[in-house]
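Below: one structure, written as structure tokens.
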């Protein structure tokens with residue numbers, strides 16, 4: 001019974017308890033959110049708390065879908081996130097490729113990307129807002145200003161995600177392509193990008209979610225033409241708990257869908273690139 | 001007529017290695033082999049010819065023209081360097097697709113190149129689904145499809161298992177003989193160099209030590225390095241003292257016992273004037289139990305004998321120096337016997353310059 005692999009009974013039990021605790025900690029808030037969206041407000045504030053719903057109602061859901069702003073906020077969030085993801089991936093991928101092929105640039109690049117991640121957003125928020133005002137991109141209906149900021153915020157992530165994939169491609173393949181007569185751009189597009197497909201897709205997804213969830217700059221910059229996170233914040237503070245919860249669920253929807261779609265990629269280890 | 005001319009080519013790397021003032025001339029239709037130990041610069045030289053590296057000094061001329069190097073050469077890499085996400089067909093067609101060749105012609109030329117490379121697989125397969133040998137054939141087809149003037153090969157067989165390597169080597173030699181292509185082949189395996197090359201260049205530390213046919217390099221190595229690098233097991237090198245006698249100058253290993261000097265069996269007439277020490281080289285395969293005619297005798301005390309399939313590798317000492325001999329009969333370790341080598345099979349080297357002395 002005392003083999004190296006067999007764990008004692010109490011360790012197995014402890015593992016079950018810990019796993020249950022972790023799952024509960026993640027699941028309970030979501031459950032409460034769903035419950036709050038589907039039950040009257042009075043119930044949500046009841047004391048002692050009702051853990052199980054007593055009255056299911058669709059009133060909150062109807063209320064938020066009646067909001068005209070919901071549709072425009074959803075579309076704006078979608079547009080901004082899509083634009084930010086594409087720009088961040090395109091630029092980050094090219095940066096990662098350059099870093100993978102030049103040792104000097106790799107050192108400088110890693111240092112710069114790490115510094116960018118460590119930068120407190122508060123410090124640049126006001127100056128960036130002023131720049132956008134000068135450019136006429138402040139509070140734009142298209143969300144272009146916000147999309148550009150989100151793209152900049154996401155580049156460290158996209159670059160670091162794709163770096164590993166490019167570094168793993170043997171130089172000999174590029175040399176062979178060069179001898180075959182390919183230009184540098186052709187080599188990048190025909191030899192490197194197809195092999196980094198998975199990492200590039202992962203970077204698109206990650207930067208999309210980062211933009212979708214982003215609150216600080218969205219609140220600051222898109223004051224009248226709002227994206228989903230500031231809208232949710234407004235309803236959480238000034239509105240009722242029921243509609244706010246329903247709104248939160250609407251926001252969660254795409255994120256959960258994306259993560260579910262992401263699972264096969266996580267399994268195949270495509271996201272390992274982030275570690276470098 | 002020279003297909004490839006290299007004049008005083010130099011390329012030094014900060015991390016060491018490279019080539020120094022290398023000059024070479026390769027004829028059209030020749031299978032020219034660059035051979036040497038790791039780090040000797042043979043791959044660098046090949047890459048300079050390919051245009052993957054730029055020289056610090058010197059020049060390279062192919063076919064007497066000065067056009068875009070990439071049009072004139074093609075390369076087969078050690079690890080085939082195929083594009084893993086493309087089918088074999090797309091890999092081979094890649095150079096043509098870059099040049100926007102029409103589809104019908106692409107198909108024709110891919111089939112042609114595949115036939116030349118004796119490729120008998122479904123070209124729709126990807127490299128990951130092919131065996132090592134098939135991959136190298138695809139790489140060869142990709143190199144051939146552009147009809148280059150010179151084909152460069154960087155140790156293309158070294159990642160394959162021994163049996164496959166032998167087979168492909170024979171095929172390659174046949175292919176070259178048939179098609180009369182100019183091929184420059186890099187390897188670290190001296191046996192491969194001897195069997196493949198029309199001419200070989202032995203390199204060390206960035207310079208060419210000797211250029212010649214395999215027979216020349218084997219029978220008349222220009223210096224000590226070439227003598228010991230070419231030939232397996234390596235040539236035995238004995239330090240000998242030169243003694244002047246009335247009749248001629250003779251060489252004998254120092255501290256030779258009086259018994260060895262019986263008659264003048266060990267004394268070898270050296271047809272040149274030298275003082276002091278000389279290095280005597282004898283290949284293990286040139287030693288035998290039979291005196292034959294015109295042979296020199298060595299008294300050998302055997303320490304170890306190994307069976308190597310088709311012969312015996314015997315370790316012995318002659319006048320205190322260790323030698324190896326490839327013999328057809330075994331001998332008991334501890335025994336002492338006479339070994340003979342023909343005078344013609346002896347090589348003499350000057351210890352100071354390490355060059356051939358005759």
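Every number here is computed from the coordinates shown, using simple stated rules; none is lab data. The structure displayed is predicted, hence computed values, not measured ones. With ideal geometry, Cβ positions are generated from the backbone for all residues, glycine too; neighbour counts draw on all protein chains shown.
The figures follow:
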quantity	calculated
Length-normalised contact order for the range B:99-179 - Cα pairs under 8 Å, 6+ apart - percent	27
Percentage relative contact order, chain B, counting C-alpha pairs under 8 Å, at least six apart	15
Cα Rg over Rh - the range B:56-172, Kirkwood	0.99
Sites residue B:112 and residue B:23 - FRET efficiency at Förster radius 45 Å, r taken between beta-carbons, to 0.05	0.80
Calculated on alpha-carbon atoms, Rg and Dmax of chain A in Å	23.5, 76
Where labels lie 7 Å past Cα in the beta-carbon direction, separation of residue B:303 and residue B:177 in nm	4.3
Relative packing of B:217-226, B:41-50, which averages over residues the other C-beta atoms within 10 Å, highest first	B:41-50, B:217-226
Euclidean distance between Cα centres, the range A:111-130 to the range B:334-350, Å	80
Exercise: per-residue mean of other protein chain Cβ atoms within 10 Å, A:176-188	6
Centroid-to-centroid separation of the range A:196-228 and the range B:75-98 [C-alpha atoms, Å]	39
Two-site FRET efficiency, residue A:223 against residue A:122, from Cβ-Cβ distance with R₀ of 22 Å, rounded to 0.05	0.80
Two-site FRET efficiency, residue B:321 against residue B:345, from Cβ-Cβ distance with R₀ of 22 Å, rounded to 0.05	0.80
C-alpha center-to-center spacing [the range B:1-38, the range A:10-74] in angstrom	75
In degrees, nearest ten, helix B:88-98 long axis to first principal axis of chain B (Cα)	70
Shielding by other protein chains, B:290-300, mean Cβ within 10 Å	0
Projected-area average for chain B over all orientations - Cα convex hull basis, square nanometres	22.1
Paramagnetic label zone (point 7 Å from Cα along Cα-to-C-beta, residue A:240; backbone N under 17 Å) in the range A:48-73	A:54-68
Square roots of 5 times each gyration tensor eigenvalue, C-alpha, the range A:123-168, largest first, Å	29, 12, 6
Value of Rg to Rh for the range A:1-57 (Rh from inverse mean 1/r over Cα pairs, i.e. Kirkwood)	1.33
Averaged over B:78-85, number of beta-carbon atoms from partner chains that fall within 10 Å	5
Residue-averaged 222 nm ellipticity for the protein assembly as shown, from DSSP H runs of 4+ at -39500 (n - 2.57), nearest 500	-15000 deg cm²/dmol
q = 0.05 Å⁻¹, the protein assembly as shown: log10 I(q)/I(0) [Debye, one scatterer per Cα]	-0.45
Between 0 and 90°, nearest 10: helix A:171-180 axis offset from chain A longest Cα axis	60
Chain A, relative contact order in percent, only Cα pairs under 8 angstrom and at least six apart counted	29
Coordinate range along principal axes, alpha carbons of the range B:116-248, Å, largest first	79, 29, 26
Over the range A:18-84, volume per residue of the alpha carbon convex hull, in Å³	123
Using alpha-carbon coordinates, inclination of helix A:103-118 to the longest axis of chain A, degrees	20
